[in-house]
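A quick write-up on the structure given underneath.
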Amino acid sequence: MFLERVSWRASKRRPRYMSDLLASLAFRTAMIAFVFNIAIALYGVLSRPSLVKKFLCLVAFTDSINIFAVFIGFRYTPGAYPSPPILEAIPTSPAEVETLINTSVDPLPQAMILTAIVIGIACSIFLLTLILMYYRHYGTTNIHEAEEGEEPHAEAL
Amino acid sequence: MQIDVLIIPYVVIIYSSLLSVFMTYLVVRERDLLIATILTLTQGVFYSLLYLLLMAPDLVLTYIPVSVGVTPLLLFLLVKKTERFER
Amino acid sequence: MNRKDIALALSLSLLVLALSLTISLEGLGPIVPRELRPLGASFVQNSYNPWNASLTSLSLNVVTAIVWDYRGLDTLYETLVLFASIAATLVVLRGYSELSGLGIKGLSDVSKSVTVVIAPLIVVYGIATAIHGHLTPGGGFQGGTIAVVAATLIIAVFSLEYLYRRGVSTSRLMLLRILGLLAIILTSLSLASIGMPSNVNAYILQNMAKDDSALSMPGVLFDTPLAGSIFLYNLFEFIIVFSGLTFAAMMLVLRESELESIKEAAEVYE
Amino acid sequence: MVVNLLPLVLGLTAVTVGAFFDVVSAIGILKLPNFFTRVHSVTIGAIGGSVLPLIGVALISIALEDLGPQRFYLVGTSIVGAIFILILAPTGAHSLARAAYTMCQAPRKPLIYDALENMKEGASCR
């Protein structure tokens, strides 16, 4: 029943190929899955006491948002699968560039997410060293224990 | 209705997105931080499969070394230097 | 489960509900459209288009063209963020620059001999990905991270001591990073600095010739598109990423007990 | 459609034999008693179950002449991937087993002959 409704909304008539129907189902499943990924990872960041676990969930959160942004740039071409935004051979006429426009996906979100991944790994390395210094200072990575705890180690590195 | 070759990428998109949700749930739930790091790595594998199917080969080439190589390695070192189990 | 957890769960479920509603009603426009958006279409059209010489960058890979030509300033600052984060790592860990006598044996002979075969292949693949970035999928950052995997493999299978004996020390990697960043900045300024004395219009971060400025980077080498400054930027970005991430891995791989002993030795020396 | 029959049959045979190895490896992971024997079974799955099918894919793509010169890229990629897996999978299994042995993380109960017993790294366990 769900399948019927989705396909009817997509094309107003019964689709001829199985792939048309599966495409709309796949796009909706993937979107809902990414939203749930974002929510679960955010729950981990907010609720878990261990700093390393917070870091792991932050990595998952960043990756989910990145893949969601790339997914917005994806494209549905009926009857064929879209191609990456890369010319396969050196074009000899302007018409060959026009054929790429008909089949390729949107390159702009990919370029921006490439930048985001680089900045993400840069921030990850800095956060890792901060967690390491926190452990050397307090002797634990659990934030609740560090709040209750006694004096920090005097001879911390 | 005809079944054609094009259903394969869409089936893989559904499969790997659902499994990535399961992996995120396991990462949040796992108490052993070493195993949680390995689960994050598995989630990275599913995400790189999704990047490949979303037609972003540049991002696949970036994401595989970052999420399967560099970040888990640094996290292993961090877990080894701090504590392994979360309380 | 206390009151805080319940409030957190409720707010997150509300977030999921709001995002799902926005998506299912398609309030953001169609999420997976059938047509290319106009901005993306113009990038695809102009990336390799010698018939429209004032907007092209002569790169077959559209993503690389956007990253290093159309949004080049963005990527320059991204490189600066990576540089700054590694520098901050050095500051926070209070750099132990040169180390000696780290008695790590490494893994078994089988792993060592296989690593000798595999690691150069990984580095070669990384360099090929970097310098082919304008023709095939790839680019400077991709190649750099692939090569970093080889460096971490050598650290794990041999030891840090082996890497030091081969001449890869943290201070040299630091120097390499600074030289790479300097080369990127010089490349971005080069056409403007050529144009200024000869009184020709040229812009900072310019790649190909524009309508009002005749200067351009080398575009074609023996029938192969070179994409001008994109090739150079990819090469220097490879150097920066490789040296920076290897530096971070080398800083984090030191053992805590050895750091303690080094610190004690430094106190005695003082 | 132009098809060379001999490489096609050989390639399909290789893929089928690879699937058989995969099934054997999966049964081994479920049924074998020990960590070290399970590592052995995983390595059987990696070598027989991915190197043989990759060589089979190379042979099949030689056979399909309709693909044009594009098929030689496929052949090269498959064979290079097969060689990499052939080198790396046994090394990974070796490192895993050796680490589990020296760190005393796996029980050594059904062990008949222990070659590492007299070495320094293996002696400290228990």
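Readers should treat all values here as calculations from the given coordinates under stated rules, not as data from a laboratory. Since the structure is predicted, the reported quantities are computational estimates derived from the model, not experimental observations. When we count neighbours, we look across all protein chains shown, and the Cβ atoms used for this are built from the backbone with ideal geometry, even at glycine.
List of remarks:
- Backbone N atoms of segment C:56-70 closer than 19 Å to the 7 Å Cα→Cβ label point of C:Lys210 belong to residues C:56-59, C:65-70.
- Pairs over the 18 Å Cα-Cα cut-off, from the set A:Lys53/B:Lys80; A:Lys53/B:Lys81; B:Lys80/D:Lys109: B:Lys80/D:Lys109.
- Helices assigned as whole DSSP H runs in chain B whose Cα atoms extend at least 20 Å along their own long axis and whose mean Kyte-Doolittle hydropathy is 0.0 or higher are found at B:7-29, B:33-53.
- Taking trypsin sites (Lys or Arg not before Pro) as exposed when their DSSP state is a loop state and no more than 14 other Cβ atoms lie within 10 Å, the longest site-free interval of chain C runs over C:167-254.
- Here the calculated FRET efficiency for D:Tyr113 and D:Leu32, from their Cβ-Cβ distance with R0 = 25 Å, stands at 0.90, rounded to the nearest 0.05.
- Helix D:52-63 axis, angle to chain D major axis (alpha carbon atoms, nearest 10°): 10 degrees
- As a proxy for reagent exposure, ranking C:Asp212, A:Asp20, A:Asp63 by other Cβ atoms within 10 Å from fewest up yields C:Asp212, A:Asp20, A:Asp63.
- Ranked list, fewest to most other Cβ atoms within 10 Å of each Cβ, for B:Phe85, C:Phe236, C:Phe43: B:Phe85, C:Phe236, C:Phe43
- Applying both filters, DSSP loop and at most 12 other Cβ atoms within 10 Å, to the chymotrypsin sites (Phe, Trp or Tyr not before Pro) of segment D:16-118 gives D:Tyr113.
- Take every pair of alpha-carbon atoms less than 8 Å apart whose residues are at least six positions apart; their mean separation over the length of segment D:5-123 yields a relative contact order of 28 percent.
- Crossing angle, helix C:109-131 versus chain C [Cα axis fit, 0-90 degrees, rounded to tens]: 20 degrees
- About its Cα centre, the dipole of the protein assembly as shown is roughly 1360 debye, where the only charges are +1 on Lys and Arg Cβ and -1 on Asp and Glu Cβ.
- Working note: Cα atoms of segment D:5-123, range along each principal axis, descending, whole Å: 61, 26, 18.
- Most mobile of C:Gly126, C:Gly195, C:Gly244 in a GNM of chain C (Cα contacts under 10 Å): C:Gly195
- Acute angle (nearest 10 degrees) that the helix C:256-269 long axis makes with the longest principal axis of chain C, alpha-carbon atoms: 70 degrees
- Computed on chain C, with alpha-carbon pairs under 8 angstrom and 6+ residues apart, the relative contact order is 21 percent.
- Förster-model FRET efficiency, 41 Å R0, C:Tyr164 and B:Ile38, C-beta, rounded to 0.05: 0.85
- Compared with the rule-of-thumb size 2.2 N^0.38 Å for a compact globular protein, the protein assembly as shown has a Cα radius of gyration ratio of 1.05.
- The alpha carbon centroids of segment B:52-87 and segment C:134-184 are separated by 18 Å.
- Dipole of the protein assembly as shown, positive direction: furthest Cα of D:Tyr101, D:Ile47, D:Thr13, with charges on the beta-carbon: D:Thr13
- Chymotrypsin sites (Phe, Trp or Tyr not before Pro) lying in DSSP loop within segment A:75-147, provided at most 14 other Cβ fall within 10 Å: none
- Our summary gives chain B a relative contact order of 32 percent, counting only alpha carbon pairs under 8 angstrom and 6 or more residues apart.
- Going from the fewest other Cβ atoms within 10 Å to the most, the residues D:Val9, B:Val21 appear in the order D:Val9, B:Val21.
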